[in-house]
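Chemist: Below are the structure tokens for one structure; questions will follow.
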Amino acid sequence: FGEHYLQRANHARKLIREDFDTIFNPNGKYQLDALLTPTTPTAAFKMGEIKGDSVLMQYADQLTVPANHAGLPAITIPAGLSSDRLPIGVQLIGHDFAEETLFRLGYAFEQITAKEAWREVKPQVLMRIGA
């Protein structure tokens, strides 16, 4: 039973990796250097809102899993606030050994959005912690 499960998991991982290889192939159809995706399907949860709800916590992590299964570098960066002033994040996913590219893209986004109003607002989550 265990070996069969492992074979199926490795096959799924292989398919995920092949999709990313297609996207990042420098001679392929897309030729992307990085992929920008949401980090989570929603804004951050309010403090204590999902404590003990493992299903909801797993749901929140589902968008970061593909990069992990493919063994690719990814970085999450702040991208704004929801209408409830809760943080929203996006992730940049790169091809193998593209960490420098991801850091440069993240820094460029930070510079481009430096004067945006949301950068001046403390997220509701932080206001509860110590501000």
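Chemist: Just need a number here: residues in region 102-131 that are at pLDDT 95 or above, part of a helix (DSSP H, G or I) and surrounded by 13 or more Cβ atoms within 10 Å (Cβ to Cβ).
Modeler: Adding up the residues that qualify gives 6.
Chemist: Ok, one more. Going by the conditions given, is E99 modelled with pLDDT of 95 or more and loosely packed, with under 14 Cβ neighbours inside 10 Å?
Modeler: It is true that E99 is modelled with pLDDT of 95 or more and loosely packed, with under 14 Cβ neighbours inside 10 Å.
Chemist: Please enumerate the residues belonging to region 9-34 that are farther than 14 Å from L72 by Cα and of a type in the set (G, A, S).
Modeler: Passing the criteria: A9, A12, G28.
To keep it simple, each residue is scored yes or no on (1) of a type outside the set (D, E, K, R); (2) more than 30 Å from A117 (Cα to Cα).
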{"site": "A12", "(1), (2)": "yes, yes"}
{"site": "T40", "(1), (2)": "yes, no"}
{"site": "R85", "(1), (2)": "no, no"}
{"site": "A98", "(1), (2)": "yes, yes"}
{"site": "F103", "(1), (2)": "yes, no"}
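Chemist: Shifting gears a bit: For region 69-86, enumerate the residues that are more than 27 Å from I23 (Cβ to Cβ) and part of a strand (DSSP E or B).
Modeler: Selection gives L81 alone.
Chemist: Residues in region 86-94: is at least one open to solvent by 40 Å² or more (accessible area, probe 1.4 Å) and either basic (K, R) or more than 22 Å from K46 (Cα to Cα) (or both)?
Modeler: The answer is no; no qualifying residue exists.
Chemist: Right, another one. Output the number of the condition that L56 fails; it satisfies all remaining conditions of (1) of a type in the set (A, V, I, L, M, F, W, C); (2) modelled with pLDDT under 95; (3) assigned to a loop (DSSP other than H, G, I, E, B).
Modeler: (3)
Chemist: Here's a follow-up. Where residues in region 16-42 are open to solvent by less than 80 Å² (accessible area, probe 1.4 Å) and among the aliphatic types (A, V, I, L, M), which of them is nearest to H95 (Cα to Cα)?
Modeler: A34
Chemist: Please go through region 59-68 and give me each residue that is surrounded by 14 or more Cβ atoms within 10 Å (Cβ to Cβ) and not in a helix (DSSP H, G or I), ordered by number.
Modeler: L63, T64
Chemist: Within region 27-48, does at least one residue satisfy the condition of being assigned to a helix (DSSP H, G or I), modelled with pLDDT of 80 or more and of a type in the set (K, R)?
Modeler: Scanning region 27-48, I find no residue that is assigned to a helix (DSSP H, G or I), modelled with pLDDT of 80 or more and of a type in the set (K, R), so the answer is no.
Chemist: Let me ask you something else. List the residue pairs whose Cβ atoms are under 6 Å apart, where the first residue sits in region 25-39 and is hydroxyl-bearing (S, T, Y), the second is open to solvent by 50 Å² or more (accessible area, probe 1.4 Å), and the two are 6 or more positions apart or on different chains.
Modeler: T39/T76
The values are calculated or read from the model by the stated rules, or taken from the named source; none is laboratory data. Being a predicted model, the structure only gives us computed values, none of them experimental. Neighbour counts are summed over all protein chains in view; Cβ atoms, including those assigned to glycine, are modelled from backbone coordinates with ideal geometry. To get the accessible areas, we keep the full protein, side chains included, count just its heavy atoms, and leave off ligands, DNA and RNA. Shrake-Rupley method; radii C 1.70, N 1.55, O 1.52, S 1.80 Å.
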